[in-house]
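Read-outs throughout are calculated quantities, based only on the coordinates presented, and are distinct from any laboratory measurement. Quick caveat, the model's predicted, so the values are computed rather than measured. Positions of Cβ are generated from backbone atoms using ideal geometry, with glycine treated the same way; all protein chains shown enter the neighbour counts.
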Amino acid sequence: MKNIKENPLPEDIARLVREEESAATARFRGRDFTGRVKRAMAAAADAAPVRASLRRVPRWMAASAGVLAAVAIVAYVAVPKRGADDGAAERARAGLVRLPGLDGLDLWAKVAALGPARLPIASDHFAAFLSGMKAVATTVTTVDLVPTEGKAPRLGFEKLMEILIRDRAVEKALSLASPKLKEG
Amino acid sequence: MVEGRNTVTLEDLLIHREGVFRICLGFARDYAEAEDLAQEVYLKAHRGLAALKNPATARDWLFRIARNTCLDHARTSRPRRMLLFRFVRPAAATLPDGDDAPAGDPRLALLKSAVLSLPPKLREAFVLREYAHLSYEDIGRTLGLRPGTVMSRLNRARTSVAQKLQESRHEEH
């Protein structure tokens, strides 16, 4: 502190500060600041029980309520409702199915397209949902297999045995030809 | 604090109301804001009275609350002021019912602008010295600084304010 030389405020600025301060202080003295503070405290005390009761709610509970509310909102938007306009839900679903790992959500659309099972979560629609799922599975299987033309010929017992024996023989030959592997 | 008593009451704190108000005035843009801030300081102090361990330091403690309240207010009200400045005419800096409004003085508006543009560390030293008239030791106790640091910051703050006012005058002419 000894080495620091005080650099006073220029006189015109100091005067300006003094003018402001003296005018404001005079005005402040003319007001009932003490009364104002006490009234504000009384008002704060009236509001205190509400604030205290809010403060008693544990933070984890408030956080859980927040998470639940968020999930409910997402579910409300994302789950299509029976008979309702599917615009928002469709948009949400379209966005979700683009995310990696969530393309399974596309099943919803297939179920929805097949029948009345539009709300898979609701218990009263569970049977309808299952039937919808079966229909989807059938559709998917049919689409995935190579289509056959006409009726497939029924195999006789001899033909069946021939295929089996040939199959076992090929399997045996392959296992003899391949090098033995130690497991573990 | 009354002699022999080791607790502080609101009445004891209200003795320093002018000092608190002057600190708030130094940080605030106008009289009304300063009075609101002073009230907030007392509400905070009243809530925190139980935390005051040493009644002998009540004044420093109260002034520290004033400084923190004002700096917090400046920080949180900045976005609002920017919006007001952008969309409303900058006439909000006048006093509500005062014909002797100091903020109406253009020189005072320049001074306020210069003080408010100081970094918080310099601003608090400037306000505590020029508005609250605290000694270097008192400022040091309030801010938790050595008196030498206080003086150094105060010198920088004064130089900065003087330069800014000088620049503003040059721009006007």
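Rounded to whole Hz and in sequence order, give me ³J(HN,Hα) for the range B:61-77 from the Karplus expression 6.51 cos²θ - 1.76 cosθ + 1.60, θ = phi - 60°, writing x for Gly and Pro.
4, 5, 5, 5, 4, 4, 4, 5, 4, 5, 5, 4, 4, 4, 5, 7, 8
Quick one: if the Förster radius is 22 Å, what FRET efficiency do residue B:32 and residue A:44 give, using the C-beta to C-beta distance and rounding to 0.05?
0.65
Using θ = phi - 60° and the Karplus relation 6.51 cos²θ - 1.76 cosθ + 1.60, list the HN-Hα couplings for the range A:20-36 in order, rounded to whole Hz, with x at every Gly or Pro.
Taking θ as phi minus 60°, the curve returns 4, 5, 5, 5, 5, 5, 4, 5, 4, 5, x, 9, 8, 5, 4, x, 4 Hz for the range A:20-36.
Just list whichever of A:38/B:112; B:53/B:121; B:112/B:164; B:121/B:164 have alpha carbons separated by over 22 Å in the model shown.
In this structure, A:38/B:112; B:53/B:121 exceed 22 Å between Cα atoms.
Averaged across A:11-18, how many Cβ atoms of other chains sit within 10 Å of each residue's Cβ atom?
Across A:11-18, the average partner-chain Cβ count within 10 Å equals 5.
With just the Cα atoms defining each centre, how far is the range A:11-53 from the range B:56-73? Give it in Å.
After rounding, the separation between the Cα centres reads 14 Å.
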